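The values are calculated or read from the model by the stated rules, or taken from the named source; none is laboratory data. What you see is a predicted model, and the numbers here were worked out from it, not measured in a lab. Virtual Cβ from ideal backbone geometry, glycine too; neighbours counted across all protein chains shown. Accessible surface is based on the protein model in full, side chains and every heavy atom, while ligands, DNA and RNA are left aside. Shrake-Rupley method; radii C 1.70, N 1.55, O 1.52, S 1.80 Å.
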Amino acid sequence: HSLWKVVLAFQELCKSDTHKESLVRENGVSLLARLMDLSPERQSDRNLVFGCTAVWHLAFNGQAKALLCEEAVLCERMEEIALADHHVAMQEARGALFQLGIIPKPPFADAMTHVFLSFDDVMEHRAEQIKAQLEAKQYLVWIRPTSGKMDENFRIGVANCAAFCACLSANYHLSAKARTEINFAADCTKHIITLVVDDESREQCWLQAHIHGKPTVDFSCPDRDEESIQELIDILGTRGMVVKRKTGAPGESPLSPMASRPQVASAKSSVTEDGSAQPPPQPGERPADTLPNSALNSSRAGTPAAKVESDQTSQAQRGGDPDGTGPTSPSRAARSSEPHLAVGHTHNGRDIPGATAPPDEEVHLWTVNQVAAWLDKTLVLGQYQQTFIDQKVDGLKLASMDDEQLEGQLHVASKLHRKKILTRVARLVGL
């Protein structure tokens, strides 16, 4: 009857990066695998919740992650739990399997449809309050998956967000869900904003690498929410926003996603027949996702079947173009079929004059402001706008940039960001 205390203690140890290393050295991964593989009469739902959460935390350690993937029995047990929709530990199992790479990460997404709110469970009510206030300002806000499956938070919620808001609280750094979300947001080079939702002190930890130098808004005092929301909106700009059209077809809703985001879900339902405004729809709504057995085959046995399946599906959706940049790419088709409308680009809350959404095929003719607008709206790398403007980088200069110039002259220190810029420029020049 006290076995659950052992598994709970294991879970708490796994939250500390220092203790993770000790567990790896002391064969703790094998012990955890044995605890997860107990006979049904000795196992309880509570044990499995604690056990899956422990695996999720351990997966943030490289050595532990490799050892966990080698524990075939453990992975199979977690796959069974993840596929059981009504299992009490289903969410924790799916989160752990995503962090382990058994549930594959999605390909790079061009769609940027909403603002994503990341929080630890204790702060869910506060996150709901912020969500409601942003929706009142016509922003699409993702707070949880509509299907109730944890991995959708990452595969759709984070992958397709226009801005990622981390609701920092005293326990945010101890949440496996929050850590996976912000890690994946950083991998996807999302625009990260920190929202301080309490006035507790915070210890130095892994989180500092993600929030250092990022825009910060103080939400620790609910009485000041009106000012805080306005400050957040100044930072967000048009990211994740639904705007009113000036003109439209008869019977068409006056609310529409931004023209630069063709894949945003329709906001038609946000206006009633009598014309009164309603809160915008839940972003990222999609048909209920199913997770086939093939999606849970780990790379411990070679190339994951799930990854092959994901790649094939992604390629099929793009019309046979593996990198999604060919003439049959949905995002390319959407861009080429729509007029290039002027949109409001901002830098540090100020409008950039003459910043319109220019045609891709005219990259050599782009002005300095158009390059800055492209950097912010298309690549979500607005932190480099001022440097590009100061260096007078127009379309012709952008097309001739190399990695050394980006790092030395334009101070793009992140290798991932330089690669993202150069890849997109190569696509534009090759049109």
Filter result (open to solvent by less than 30 Å² (accessible area, probe 1.4 Å), assigned to a helix (DSSP H, G or I) and among the polar types (S, T, N, Q)) within the stretch 219-238: 228
What number goes with the only condition from (1) within 25 Å of residue 238 (Cα to Cα); (2) surrounded by fewer than 15 Cβ atoms within 10 Å (Cβ to Cβ); (3) of a type outside the set (D, E, K, R); (4) in contact with a helix residue (DSSP H, G or I) (Cβ under 8 Å, 6 or more places away or on another chain) that residue 189 does not pass? (2)
When residues of the stretch 123-151 are filtered for being modelled with pLDDT of 90 or more and farther than 19 Å from residue 233 by Cα, how many remain? 3
Against the definition (at pLDDT 90 or above, touching a Cys at 6+ places or on another chain (Cβ under 6 Å) and not in a loop (DSSP other than H, G, I, E, B)), how does residue 163 come out, yes or no? no
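Quick test for you: out of 70, 26, 21, pick the one residue that is within 28 Å of residue 86 (Cα to Cα) and out of contact with any Pro (no Cβ under 8 Å at 6 or more places or on another chain). Please lay out each step first, then the result.
On the way: 26 fails: within 28 Å of residue 86 (Cα to Cα); 21 fails: within 28 Å of residue 86 (Cα to Cα).
Selected residue: 70, the only one of 70, 26, 21 that is within 28 Å of residue 86 (Cα to Cα) and out of contact with any Pro (no Cβ under 8 Å at 6 or more places or on another chain).
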Residues of the stretch 382-414 satisfying the condition of being open to solvent by 50 Å² or more (accessible area, probe 1.4 Å), within 14 Å of residue 370 (Cβ to Cβ) and in contact with a helix residue (DSSP H, G or I) (Cβ under 6 Å, 6 or more places away or on another chain): 392, 394, 396
Is at least one residue of the stretch 67-79 at pLDDT 90 or above and touching a strand residue (DSSP E or B) at 6+ places or on another chain (Cβ under 8 Å)? no
Looking at the stretch 128-154, which of the residues that are outside any loop (DSSP other than H, G, I, E, B) and free of Cβ contacts under 8 Å to residues at least 60 places away in the same chain is nearest to the chain's Cα centre (by Cα)? 154
Any chance residue 52 is under 30 Å from the mean Cα position of the chain (by Cα), of a type outside the set (Gly, Ala, Ser) and closer than 16 Å to residue 90 by Cα: yes
Residues in the stretch 109-146 that are in contact with a Gly (Cβ under 9 Å, 6 or more places away or on another chain), surrounded by fewer than 24 Cβ atoms within 10 Å (Cβ to Cβ) and within 22 Å of residue 174 (Cβ to Cβ) total 3
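Being touching a residue at least 40 places away in the same chain (Cβ under 8 Å) and either part of a loop (DSSP other than H, G, I, E, B) or crowded, with 16+ Cβ neighbours inside 10 Å (or both) is the filter here, so list the residues in the stretch 415-424 that pass it.
In the first step, residues of the stretch 415-424 are kept if they are touching a residue at least 40 places away in the same chain (Cβ under 8 Å); the result is 416-417, 420-421, 424.
Listed by number, the residues that qualify are 417, 420, 421, 424.
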Just checking, does the stretch 74-85 include any residue being in contact with a helix residue (DSSP H, G or I) (Cβ under 7 Å, 6 or more places away or on another chain), touching a residue at least 40 places away in the same chain (Cβ under 8 Å) and not in a helix (DSSP H, G or I)? no
From the option list 369, 348, single residue qualifying as of a type outside the set (Phe, Trp, Tyr) and modelled with pLDDT of 80 or more is 369
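Only one of 5, 15 is out of contact with any Gly (no Cβ under 8 Å at 6 or more places or on another chain), surrounded by 19 or more Cβ atoms within 10 Å (Cβ to Cβ) and not hydroxyl-bearing (Ser, Thr, Tyr). Can you tell me which? Talk me through it step by step, then tell me what you get.
Values: 5 fails: surrounded by 19 or more Cβ atoms within 10 Å (Cβ to Cβ).
Unique residue meeting the criteria: 15.
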Please go through the stretch 148-176 and give me each residue that is open to solvent by less than 20 Å² (accessible area, probe 1.4 Å) and charged (D, E, K, R), ordered by number. 151, 152
